[in-house]
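K.L.:
The structure's right below; bear with me while I get my questions together.
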Amino acid sequence: MWICIAALNLALAVMLGAFGAHGLKARATEAQLGWWQTATDYFFYHALGLLLIAVIMRVLPQLKIKRSFVLIQVGIVLFCGSLYFMALGLPRGLGAITPMGGALMIAAWLDLAWKASKI
């Protein structure tokens with residue numbers, strides 16, 4: 001299931017990246033395109049991270065890292081989602097959510113490091 005979720009994230013990242021490059025370019029401001037690009041970059045990096053974590057969970061089942069996976073997934077939704085919505089013209093106040101998503105991503109990687117250091 002975890003590999004499936006990671007693969008779906010990667011597919012969605014490709015679709016959103018393509019939309020930004022082709023469908024949004026003519027309608028968006030420079031700032032909006034920048035937000036879209038940042039969201040897409042972080043989406044890809046962390047979707048690949050999800051895939052890596054899913055593989056690690058298969059290879060090292062004794063390493064309990066489900067929480068890291070969930071934190072990254074929620075972080076993607078909050079961080080990237082808020083940037084995508086702002087790029088589409090929704091209120092810039094959504095930017096207040098972005099750091100929360102980033103903090104969850106950081107927490108996920110620190111959680112993974114902590115768990116890995118124990119084995």
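The values are calculated or read from the model by the stated rules, or taken from the named source; none is laboratory data. Please read all numbers here as calculations on a predicted model, not as lab measurements. Quick note on the areas: whole protein, heavy atoms, side chains included, nothing else; ligands and nucleic acids left out. Shrake-Rupley method; radii C 1.70, N 1.55, O 1.52, S 1.80 Å.
K.L.:
Could you please state, rounded to a whole Å, how far the C-alpha centre of segment 20-36 is from the C-alpha centre of segment 57-97?
P.N.:
Value for the Cα centre distance between the two parts: 21 Å.
K.L.:
With all protein chains present and a 1.4 Å probe, how do Phe79, Phe85 order by accessible area, largest first?
P.N.:
The most accessible residue leads, giving Phe85, Phe79.
K.L.:
While we're here: Considering amide H positions built from the backbone, and no H for Pro or chain starts, which residues 5 or more places from Leu24, or on another chain, come under 5 Å of its amide H?
P.N.:
Amide H to amide H, under 5 Å and 5 or more residues apart or across chains, Leu24 pairs with nothing.
K.L.:
Give the lysines reachable from Lys118 as a straight Cα distance under 23 Å; neighbours fewer than 8 places away on the same chain don't count.
P.N.:
Those lysines meeting the cut-off are Lys64, Lys66.
K.L.:
Which sequence of Cys80, Cys4 reflects their accessible areas, 1.4 Å probe, from the largest down? The partial results should precede the final answer.
P.N.:
Values: Cys80 0, Cys4 80 Å².
Solvent-accessible surface, decreasing: Cys4, Cys80.
K.L.:
Shifting gears a bit: Quick one: plug the Kirkwood hydrodynamic radius of the chain (C-alpha pairs) into Stokes-Einstein at 10 °C, 1.306 mPa s, and report D in µm²/s.
P.N.:
Values: Rh = 14.8 Å.
Once the numbers are plugged in, D ends up at 107 µm²/s.
K.L.:
Per residue of segment 29-44, in order, report the coupling 6.51 cos²θ - 1.76 cosθ + 1.60 (Karplus, θ = phi - 60°) as ³J(HN,Hα) in whole Hz, putting x for Gly and Pro.
P.N.:
Each residue's phi maps through the Karplus curve to give 7, 4, 4, 4, 5, x, 4, 4, 5, 4, 4, 5, 4, 5, 4, 4 Hz.
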